[in-house]
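Trainee: Here you go, one structure.
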Amino acid sequence: MNENPANVLVIEGLVVQLPETRVSPAGIPISRFNIEHQSVCAEAGMSREVRFKLGIVASGKDLQSVVGMLSTDSPVRVQGFMARAGYRSDENRLLLHAQSIQILNDADR
Amino acid sequence: MRLVSETILRIAVPSPLFRLFDYLPPREITAPLHPGVRVQVPFGRSRTVGILVATSRSSEIDPARLKRVHAVLDTEPLLPADILAMAQWAAAYYQHPLGEVLAGCLPVALRGDQSAEVRGTTVWCLTHTGIEATTADCTRAPQQARALEFLQHHPDGCSREQLNEAGIGPHILRALSARGWLETRTRAATLIASSAVPSAAPSLNPAQAAAVDAITAARDQYQSFLLDGVTGSGKTEVYLQAIAACLAADRQALVIVPEIGLTPQLLTRFRQRLGIEPAVLHSGMNESDRLNAWLAARAGTARLILGTRSAAWVPLAQPGLFIVDEEHDASLKQQEGFRYSARDLLVWRAHRDGVPIVLGSATPSLESLHNARQGRYRHLSLPERAGVASAPSLRLLDVRNQKLDEGLSPALLAHMRKHLDQGGQVLLFLNRRGFAPTLLCHACGWVAECRRCDAHLTLHQRHRLLRCHHCGSQQPIPVQCPTCGCADLRPLGAGTERVEQALERNFPAVPQVRIDRDSTRRKGRLEDLLAQATRGDARILLGTQMLAKGHHFPGVTLVGIMEADQGLFSADFRAGERLAQMVIQVAGRSGRAERPGEVLIQTHHPDHPLLLQLVAAGYPAFAVAALAEREAAGLPPFSNLALLRAEATDARAPEQFLYAASADLDTRTLTGIERWGPVPSPMERRAGRTRAQLLLVARDRKRLQRLLAEWVPQLSNLKSARKVRWSIDVDPVDLF
């Protein structure tokens with residue numbers, strides 16, 4: 001394994017819950033929203049439907065302009081890494097921490 | 001021991017040594033010297049100022065080796081016999097070197113070789129241009145305009161204290177001076193400015209009248225009174241009438257309050273009702289004013305003296321009455337250096353001087369209640385509120401499983417709304433300043449801790465700082481977690497700053513003030529905020545204990561105590577007593593006028609016996625139960641404590657010293673004395689030092705005193721003592 005094992009996820013979906021933004025005590029904006037992903041993927045040599053909701057965290061000023069443009073049903077492509085949702089050990093929930101967010105127009109879809 | 005032809009002067013010199021030093025008188029002086037005068041003496045390689053404590057015909061030192069006093073600084077004793085005796089008693093009782101005790105009881109201005117003369121006071125006066133200036137000249141500087149107007153109303157100039165009281169700080173004075181409007185002059189100190197005609201005394205209720213009668217009947221003899229009066233029962237009026245009787249009998253009265261903050265309102269009442277200007281003594285004054293007040297008290301020209309702890313040491317020409325207000329308050333005990341209790345000292349002094357002393361409180365300390373029960377103090381109760389005020393009702397709010405909005409429960413918010421709608425004021429008490437007591441990393445659980453203390457750092461959002469409330473160190477808020485790098489750091493728990501935000505959100509139209517150490521840092525700010533609160537301009541008053549002590553807010557109909565649980569599970573045996581006193585004192589802020597007050601206490605432990613008892617039966621019932629508990633546990637006032645503390649940067653040094661001190665105890669008589677420790681202090685690391693302590697507990701005070709007198713003075717001879725800072729605390733008020 002690498003010294004820094006891979007943790008990259010790219011996913012597309014529709015915004016289903018508008019971002020709520022907090023500001024950390026040091027002044028870093030932290031936005032949280034959900035997307036719904038729907039696709040057809042191949043598995044065991046057969047195609048199947050995949051559908052789930054995923055929580056997104058977007059931290060930092062750089063992502064704020066695009067976060068501000070999101071509305072319900074905005075189609076987005078988010079690239080980032082996965083991390084645990086909280087520090088408590090019973091929390092196995094993961095969230096996608098965005099490094100880039102792109103709002104898709106029809107041509108991209 | 002050798003007899004010598006000359007008188008030997010036994011001098012107390014400020015030094016850590018537990019002994020007096022013998023000197024010979026200066027050659028040119030032939031008249032006998034009296035104890036209490038200051039002398040300048042050679043000491044080690046330098047000169048220092050000491051106080052003559054006694055004269056003797058013999059010395060343990062070869063008279064040929066004795067040095068001579070350089071100079072005698074006073075023609076008559078600066079310290080009268082009773083103060084000298086009290087210093088000697090206190091030095092022995094609290095195990096502190098007499099030289100330091102005596103140096104500490106003088107005003108700073110007299111600790112050197114300055115003459116004990118009244119000094120001129122500096123006053124600020126307007127210049128000719130200043131007198132002719134108008135507020136229109138400073139439209140863009142409203143504070144300057146206000147100061148200008150104030151000074152124009154005081155053509156004789158104002159002292160720094162007067163200006164401070166008026167909320168005019170040094171920066172405004174500098175600004176006005178820079179404009180050429182203001183100058184300083186030296187005015188001969190007028191010690192007692194007679195003021196207005198005294199206003200008429202209100203009529204007393206029977207309990208008040210009985211208290212005044214008892215105190216005045218004890219004139220010219222020692223008697224301790226415990227004036228135990230619920231808040232609003234008119235204790236101050238009892239003080240006033242007892243003082244008036246004392247002044248009428250041509251005696252001086254001395255009043256001690258625990259904090260400087262409590263002096264202005266008492267001053268106002270004393271001025272109005274007694275028609276005299278009290279002399280004030282506290283650490284917030286400049287040296288020459290303090291000296292003048294001290295000299296006036298000593299000369300007898302000041303008839304009424306009001307001060308904080310250290311004023312217990314002021315000499316009086318004709319003492320007639322001592323009063324200690326809020327006698328339960330822990331600030332009456334000095335917590336560093338010479339650790340004495342101003343209250344206990346003054347009781348001793350009252351006995352020595354043969355005058356009555358009144359200890360007043362709505363929530364008397366268990367020590368004083370015990371003394372009253374034993375018949376040592378006379379118990380004077382004021383069980384009823386004076387005038388039309390009725391007692392507030394106390395109720396617990398169970399906040400378990402409640403969704404709290406920054407610490408505010410839905411029930412508390414609903415009650416606040418109701419009282420605000422009915423035109424009342426609401427006081428919220430939370431003894432935790434800052435935004436949040438903890439900053440936590442949401443990703444990994446890291447907590448911001450002080451590098452130098454065993455404590456979390458408090459988040460101060462407005463100043464963008466993390467501050468340690470124990471050592472005062474501060475640092476910027478980290479942008480990311482130092483452990484895992486996550487940016488999602490979250491404030492946990494609520495301090496006053498955070499609650500203030502929640503209140504602005506919940507009651508956007510209601511004006512509020514927040515009163516805590518952070519919001520009142522600027523000079524005059526506290527007075528300003530308190531005035532807003534008293535006038536009713538602010539409808540929600542949020543604050544820490546600064547708000548809870550002594551101030552009267554007649555319009556407050558609801559008091560919310562946001563957290564009562566901190567005191568329920570503390571390691572300190574006095575925590576319960578403190579909590580009960582705090583609850584009752586805060587509750588006492590409400591319902592002073594015609595409207596009855598309501599007090600709500602949020603708790604996660606609504607079944608806790610202490611809270612249940614306090615709410616159902618009040619402080620006296622709590623005190624009875626608490627005293628029974630203390631008796632069963634053999635804790636004060638049923639035993640006597642002495643705490644040996646040690647601290648050092650070296651983590652092991654404190655325990656090594658305490659073990660050595662403890663081993664030394666083994667060689668002594670320990671009958672009836674228990675030894676607890678050495679143990680690490682409850683907060684083991686503070687300001688970069690490791691701390692440990694050794695507690696001695698004894699039923700019999702005399703036994704403990706005998707042991708301490710043998711043991712403490714030679715602790716500094718222990719080898720391990722050199723590596724630590726150590727102190728002995730007799731009758732400690734807390735065990736931290």
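The numbers here are math on the coordinates, done by the rules we state, and not lab data. Note that this is a predicted model, so its numbers are computed, not measured. Glycine also receives a Cβ, built like all others from the backbone with ideal geometry; neighbour counts cover every protein chain displayed.
Trainee: Give the Debye-formula value of log10 I(q)/I(0) at each listed q (0.06, 0.07 Å⁻¹), with one equal scatterer per alpha carbon of the protein assembly as shown, two decimals each.
Mentor: For the requested q values the scattering log ratios are -0.52, -0.70.
Trainee: What full-extension length gain, to one decimal in nm, is calculated for B:Arg525 and B:Ala71 as 0.36 nm per residue of separation minus the Cα-Cα distance? Could the numbers behind the result be given before it?
Mentor: Working: separation 454, 0.36 × 454 = 163.44 nm, distance 4.68 nm.
Contour length minus the Cα-Cα distance gives 158.8 nm.
Trainee: List the trypsin sites (Lys or Arg not before Pro) in the stretch B:337-400 that DSSP assigns to loop (not H, G, I, E or B) and whose Cβ has at most 16 other Cβ atoms within 10 Å. Which are they?
Mentor: Values: sites: B:Arg339, B:Arg343, B:Arg349, B:Arg352, B:Arg373, B:Arg376, B:Arg378, B:Arg385, B:Arg395, B:Arg400; in loops: B:Arg339, B:Arg376, B:Arg385, B:Arg400.
The qualifying sites are B:Arg376, B:Arg400.
Trainee: Out of every Cα pair in chain B, what percent are spaced more than 35 Å from each other?
Mentor: 54
Trainee: Residues with amide H under 5 Å of B:Tyr377's amide H, sequence separation 5 or more or different chain, H placed in the peptide plane at 1.01 Å from N; which?
Mentor: B:Ala372
Trainee: Contact order normalised by length for chain B, with contacts defined as Cα pairs under 8 Å and 6 or more residues apart; what percent is it?
Mentor: Values: 1493 pairs, mean separation 80.1, N = 736.
Contact order relative to length: 11 percent.
Trainee: Further question: Per DSSP helix of 4 or more residues, -39500 (n - 2.57); summed, then divided by the residues of chain A. What does that give at 222 nm, rounded to the nearest 500? Please list the in-between numbers first.
Mentor: Numbers: 1 runs with 6 residues, N = 109.
It lands at -1000 deg cm²/dmol.
Trainee: Relative contact order for the stretch B:508-558: what percent, with Cα pairs under 8 Å and sequence separation of 6 or more? Before the final figure, lay out the partial values.
Mentor: Working: 50 pairs, mean separation 23.1, N = 51.
With pairs under 8 Å counted, the relative contact order is 45 percent.
Trainee: To the nearest 500 deg cm²/dmol, what mean residue ellipticity at 222 nm is calculated for chain B from DSSP H runs of n ≥ 4 alone, each contributing -39,500 (n - 2.57), summed and divided by the residues? Write down the numbers at each step before the final one.
Mentor: Numbers: 20 runs with 223 residues, N = 736.
Only helices count here, giving -9000 deg cm²/dmol.
Trainee: Right, here's the next one. Write down the Kirkwood hydrodynamic radius of the stretch A:9-108, to one decimal in angstroms, obtained as one divided by the mean of 1/r over all alpha carbon pairs.
Mentor: Working: mean 1/r = 0.0692 Å⁻¹.
Result for the stretch A:9-108, one decimal place: 14.4 Å.
Trainee: What's the FRET efficiency of B:Ala625 with B:Glu287 using the Cβ-Cβ distance as r and R₀ = 45 Å, to the nearest 0.05?
Mentor: Values: r = 48 Å, r/R0 = 1.06.
E between B:Ala625 and B:Glu287, to the nearest 0.05, is 0.40.
Trainee: Then there is this: Report the calculated FRET efficiency for B:His552 and B:Leu612 (r = Cβ-Cβ distance, R0 = 22 Å), to the nearest 0.05. Walk me through the intermediate numbers first.
Mentor: Details: r = 29 Å, r/R0 = 1.30.
The pair B:His552/B:Leu612 has a calculated efficiency of 0.15.
Trainee: Return the single residue from A:Gly80, A:Gly55, A:Gly45 with maximal mean-square fluctuation; model: Gaussian network over chain A, springs between Cα atoms under 10 Å.
Mentor: A:Gly45
Trainee: So who's got an amide H within less than 5 Å of the one on B:Leu396, skipping anything under 5 residues away but keeping other chains? H placed 1.01 Å off N, in plane.
Mentor: It is B:Ile601, by chain and number.
Trainee: Tell me, what is the percent relative contact order of the stretch B:2-110, built from C-alpha pairs under 8 Å that lie six or more residues apart?
Mentor: Working: 208 pairs, mean separation 38.5, N = 109.
That works out to 35 percent.
Trainee: Then there's this: Which of B:Gly567, B:His328, B:Ile477 sits farthest toward the positive end of the charge dipole of chain B, with +1 on the Cβ of Lys and Arg and -1 on the Cβ of Asp and Glu?
Mentor: Sorting the options by dipole projection puts first B:Ile477.
Trainee: Most fluctuating residue of A:Val23, A:Val40, A:Val78 in a GNM of chain A with Cα springs under 10 Å: which is it?
Mentor: A:Val40
Trainee: Ranking request for peptides B:320-330, B:701-711: highest mean number of other beta-carbon atoms within 10 Å first, then the rest in descending order.
Mentor: The packing order, highest mean first, is B:320-330, B:701-711.
Trainee: To continue, here is another question. Given points 7 Å out from each Cα along the Cα-Cβ axis, report the B:Glu149 to A:Ser65 separation in nanometres with one decimal.
Mentor: Here the modelled spin labels are 5.1 nm apart.
Trainee: Under the Kirkwood approximation for Rh and a Cα-based Rg, what ratio Rg/Rh is obtained for the stretch B:640-730?
Mentor: Details: Rg = 12.6 Å, Rh = 13.1 Å.
When Rh is taken as the Kirkwood radius, the ratio is 0.96.
Trainee: Label-point separation (nm) for B:Ala141 and B:Thr649, each offset 7 Å from Cα along Cα-to-Cβ?
Mentor: 4.5
Trainee: Would you work out if the stretch B:206-382 is rounded, prolate or oblate? Take a ≥ b ≥ c from the square roots of the eigenvalues of the alpha-carbon gyration tensor; rounded if a/c is under 1.5, else prolate when a/b is larger than b/c, oblate otherwise. Kindly include the intermediate steps, with their values, before the conclusion.
Mentor: Working: a/c = 1.44, a/b = 1.21, b/c = 1.19.
In terms of gyration-tensor shape, rounded.
Trainee: What residues qualify as long-range amide H neighbours of B:Thr458, i.e. H under 5 Å apart, gap of 5 or more or another chain, H built at 1.01 Å from N?
Mentor: B:Arg467, B:Cys468, B:His469
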